[in-house]
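*Asks:* Pasting a structure below so you can have a look.
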Amino acid sequence: MADLKLPRLNKCIFSGRIGNDIELKYTPKGTPVVRFVVACDRRYKDDSEQWQTVTSWIECVAWNKWAEFIANQVHKGSPVIVEGRIETRNWTDQNNQNRKTTEVIVEVIHNLEWKPREGEASAVSEDVPLPAEETAPHNATNTTTDDVPF
């Protein structure tokens, strides 16, 4: 049998609301990190044709600039779109029990909240650089509308 060349793809995109208070923490080496859950609802009709809602709670982890962005710009209840990859970790808890968790490592997060939080001037702070600037391709060139074929 021939060796299949499959693409290595681990990408997920989902939307929902932040389900817990955001707490920015730092690793012993000083790397910022936040852990949070996103509540994703799915609606369906049951056997009696009544609409039902099921909520999935997706555990997420964000590092570095994304962690700082999330800590400064979102809060419990904020609507977001999360893009990331799924990772599974194994560890031993305090009772010496083997544990396993699956979580999304955030690569991009979009804050869908348009109104400012209570007591703030705007939902986006001008002091915090947007993490998307770091992920912009370095070879991007300036284009004009002359380059557009329509």
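Rule-based calculations on the coordinates, nothing more; no lab input. Remember, predicted model here, so these are calculated numbers, not experimental data. Virtual Cβ from ideal backbone geometry, glycine too; neighbours counted across all protein chains shown.
*Asks:* Which entries in the list Lys29/Lys76; Lys5/Lys45; Lys5/Lys25; Lys11/Lys76 go over 29 Å, if you measure between the two C-alpha atoms of each?
*Replies:* Lys5/Lys45; Lys5/Lys25
*Asks:* Assuming a ≥ b ≥ c are the square roots of the Cα gyration tensor eigenvalues, decide whether region 40-103 counts as rounded (a/c under 1.5), prolate (otherwise, with a/b larger than b/c) or oblate.
*Replies:* Oblate shape, in that a/c is at least 1.5 and b/c is the bigger or equal ratio.
*Asks:* Out of region 45-87, which trypsin sites (Lys or Arg not before Pro) are coil in DSSP terms and have no more than 15 other C-beta atoms within 10 Å?
*Replies:* When the trypsin sites (Lys or Arg not before Pro) of region 45-87 are filtered for loop state and at most 15 Cβ neighbours within 10 Å, Lys76 remain.
*Asks:* With a cut-off of 8 Å between alpha carbons and a minimum separation of six or more residues, what is the relative contact order of region 9-102 in percent?
*Replies:* 34
*Asks:* Scan region 1-38 for trypsin sites (Lys or Arg not before Pro) in coil per DSSP, keeping those whose Cβ has at most 10 other Cβ atoms within 10 Å, and list them by number.
*Replies:* Lys5, Arg8, Lys11, Lys29
*Asks:* Further question on the same structure: Starting from region 23-118, pick out the GluC sites (Glu not before Pro) whose DSSP state is loop and whose Cβ has at most 12 other Cβ atoms within 10 Å.
*Replies:* Of the GluC sites (Glu not before Pro), the ones in loops of region 23-118 whose Cβ has at most 12 other Cβ atoms within 10 Å are Glu23, Glu49, Glu118.
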